[in-house]
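Engineer: Let me give you the structure first, and then I'll get to my questions.
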Amino acid sequence: MTAPGPLSTLRVLDFTSGPAALVGRLLADLGAEVLKVEPPPGGPERHTPPLGPDGESLVSWHHNLGKHLLLLAPDDPRLPVLVASADVVLEGGPAHPFDLAPLIAHHPHLVHAVLSGFGEGPRSHWTTTELIAQAAGGMLVLNGEPGREPLRVPGEPATALAAQYLAAGILLALRVRRARGRGQRVEVSLQEAVASATEPLLFRYCFEGQETSRPGDLHWVKGYAIVPCADGWVTVSWNRNFEHLVALLASDGQAGDLVEERYQDPEVVAAARDHVRATIAAWAASRSRAEIFARAQELRLPWAPVNTPAEVLRDPQLAARGFFVPLPGPGGLLPASSAPGHLSRTSWRPRQPLIPWNGPLERPCPPPQPAAEHRGAGALAGIRVLDFSWVLAGPYATRILADHGADVIKVQTAGKLVGYVSDGYFATWNRNKRSITLNLSHHAARTLVYDLVKLADVVVENFSARVLHQWGLDDEVLFALKPDLIVAHLTGMGRSGPYAQYVSYGPTAQALAGMSAFTAYPGERPLGLGFSLADHLAGLSLALGVLAALEHRDRTGEGQVVDVSQLEATAWAMGTTFLEAALGQPQVPRRLARAAEASGPAGVFRAAGEDRWLAVEVTSAAQQAALAAFLDCASSEQATLTAALAAWAARQEPIAAACQLQARGIAASVVATAQDLLERDEGLRARGFFWETDHPTLGRYRSDGTPIRLAATPASAPRPSPLLGQHNDEVFGELLGLTRADIARLEQAGILS
């Protein structure tokens, strides 16, 4: 039995609407008392499509789980009392009628959190939607086939990213408040949240000078594909464990020439990818998804069925881990998507639908007193993290912690990592960290790790489930060394359930979670995403889980396990998709060209220039009338207006076109490329979103900054990613008291490798 959520002592006032409402849902899932404050008779979003059978908005139901509704007139004399009682005030979405600024200024203990489309700056007045956020942040341009329109990612991944970033920012601000006695303003924009989570887009432009073209179904590394099988589609790959792939096909006599010795060279495999893909497809054609999934995973191949949302609802792994929680909703019990992670001691899940508040408005909330001196400028100054993670998902999580002041020590091994740590990919995800090298197959190296664990607050890893056990670093061992430790695991499927031992990469999780099935052109085969969004979603979920666990530890002294899976973090970002499936609503890739909430033209339109596109989404009758007037269109009927918009967009430079439409209150954006974001976006430039760093081998380079804007304790100035073992002397000397001679002997013995 787990304790109440780690935020159970907090009161949050939620004045949000639209995407920002998901922030309060996250805090409520973590146990906070969240009061959603609206003027009578309640917000209009209750009737925003898609709708349940009784006309209630599924989006509103999903975003407001766990909250309490409080109807309050803007001039109600109880409003100051209510604000004084809170710890956090949330704002975001269309303007509300409450005058909060003087009240917030009067109560410096408050954390004031704001989610917007484009943040404060020259584009603060711009309006946004999920589609526009995906376009403006660079997500959209990565999906689809070359020459064809970019594809929207299904669900609400932009909203999920921004909401988790702001929730994490709130926890950072609360940590600083506990140390300094004062709150602060926290701000996140959807555009910047998306821009930070577009795996290849920015690093390839910054380090290689090239844009990432849409790869069809191959993923940007050109090592994955979606192929048909006897009863649907499966995601397959050939860029890892190729010898296991050959063994699988050969066991049925269908490996062909892939058994030849030349295919042991990865470059030969890469050059022959069309042939390799065709060989796999021929084998898969007569086999079911279930057979392919089971047999591939037995050989450690990260293959998976491409599930539809209806199939995700029946997934045995999600069922075993309790991901879907039955709660009363429009039309009866509905499967509410649970949280993107699990905590071993405290609850992290939705509790009930939005219900009226019948408790007191007044609440004892004495001004917080500083608990101790806050060392350093970052919100996480004084927190030490041992980071065993690699590639993307884990390093993305620890980059967030490092950016905000944590001492993140990467524990690495030489060998195959040498080339990896010297490239732009590693540099992008591992700034602000220190590196030590240990050969963990050696007993003496484990002893050194045990000594470091005793000095750590958090241990993070993202290997498959068996690796830490092989190194003698099971949870029981770690907690015996440091009882109040936070142990954070990020795996493909989660650490329990029938898939716990399965291997997974981003495309695997995206296929299983229903995201790949609807990343398709209407009426055509699934393509899946062109990048590993699942890694970003899972990494961010892990960072949020660690911060929540630290909140619980600071209050109780207890450590605990954070368990995040790519599968659940990806499924959580699918928004209302599973609710619609449960209600039997149409399940087709309609969201790609048109969002369900739109009331007028919505989609991606070809603009002037090579591979240039404009995203537009009209969400109200007033916007539809404004668009008709702007285009001088005689009819505001949707089909006529869409055709007129397409004809106009084809003659326009897309950035200028978006500015013209936004000036009229219509949500629009260029489908941003890397060059658009880094060179042409005046909003990002004015906000200083991109950081410049000098690296000892890579030279000076730019990278995306943190989306979390803390007014009083901003993120650390970027330090370059470490060289392999760069900080051996520093870490082992300062923390463990080893001399240079001691370290030299360990190096000679192969213990520090």
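What follows is calculated from the coordinates using simple rules that are stated; it is not laboratory data. Remember, it's a predicted structure, so these values are computed and weren't measured experimentally. All Cβ positions, even for glycine, are placed from backbone atoms using ideal geometry, and neighbour counts span all protein chains on display.
Engineer: Considering only lysines 8 or more places apart in sequence, or on different chains, count the pairs in the chain whose C-alpha atoms sit under 25 Å apart.
Structural biologist: Lysine pairs satisfying the spacing and distance rule in the chain number 9.
Engineer: Let me check I've understood the local charge: for Pro707, count other residues with C-beta under 12 angstrom from its C-beta, Lys and Arg +1, Asp and Glu -1. What total comes out?
Structural biologist: Around Pro707, the surrounding residues sum to -1.
Engineer: What FRET efficiency comes out for Leu455 versus Asp54 if R0 is 56 angstrom and r is the Cβ-Cβ distance? Round to the nearest 0.05.
Structural biologist: The calculated FRET efficiency here is 0.50.
Engineer: I need the Debye-formula profile for the chain: one equal scatterer per C-alpha, no solvent, reported as log10 I(q)/I(0) at q = 0.09, 0.11 1/Å, two decimals.
Structural biologist: Listed by q, the Debye log ratios stand at -0.81, -1.25.
Engineer: Classify segment 1-129 from the C-alpha gyration tensor, please: rounded if a/c falls under 1.5, else prolate or oblate depending on whether a/b exceeds b/c.
Structural biologist: rounded
Engineer: Short version: ³J(HN,Hα) in whole Hz for each residue of segment 49-66, in order, from phi by Karplus 6.51 cos²θ - 1.76 cosθ + 1.60 (θ = phi - 60°), x for Gly and Pro, what are they?
Structural biologist: x, x, 10, x, x, 9, x, 7, 5, 5, 5, 4, 4, 5, 6, 10, 4, x
Engineer: What ranking, highest mean first, results for peptides 216-222, 174-180 when packing means the other Cβ atoms within 10 Å averaged over each residue?
Structural biologist: 174-180, 216-222
Engineer: Before anything else, pin down the relative contact order of segment 596-675: Cα pairs under 8 Å, at least 6 apart, normalised by residue count, whole percent.
Structural biologist: Averaging sequence separation for qualifying contacts and normalising by length gives 36 percent for segment 596-675.
Engineer: Still on this structure: Arrange the peptides 276-282, 650-656, 18-24 so that the one whose residues have, on average, the most other Cβ atoms within 10 Å appears first.
Structural biologist: Output ranking for 276-282, 650-656, 18-24: 18-24, 276-282, 650-656.
Engineer: When you count, for each residue, the other Cβ atoms within 10 Å and take the mean per peptide, how do 476-486, 739-749 rank with the highest first?
Structural biologist: Top to bottom by mean Cβ count within 10 Å: 476-486, 739-749.
Engineer: In addition: Express in whole angstrom the spacing between the alpha-carbon centres of segment 158-196 and segment 654-682.
Structural biologist: 25 Å
Engineer: While we're on this one: In whole Hz, with x marking every Gly and Pro, tabulate ³J(HN,Hα) for segment 532-539 from phi via Karplus 6.51 cos²θ - 1.76 cosθ + 1.60, θ = phi - 60°.
Structural biologist: 8, 4, 4, 5, 5, 4, 5, x
Engineer: What is the set of long-range amide H partners of Ala304 at a cut-off below 5 Å, with H atoms built 1.01 Å from backbone N?
Structural biologist: Those qualifying (amide H under 5 Å, at least 5 residues apart or on another chain) are Thr235.
Engineer: What list of ³J(HN,Hα) values in whole Hz, one per residue of segment 243-260 in order, does the Karplus curve 6.51 cos²θ - 1.76 cosθ + 1.60 (θ = phi - 60°) give from phi, with Gly and Pro shown as x?
Structural biologist: 5, 6, 4, 4, 4, 4, 5, 5, 4, 10, x, 10, 7, x, 7, 5, 6, 5
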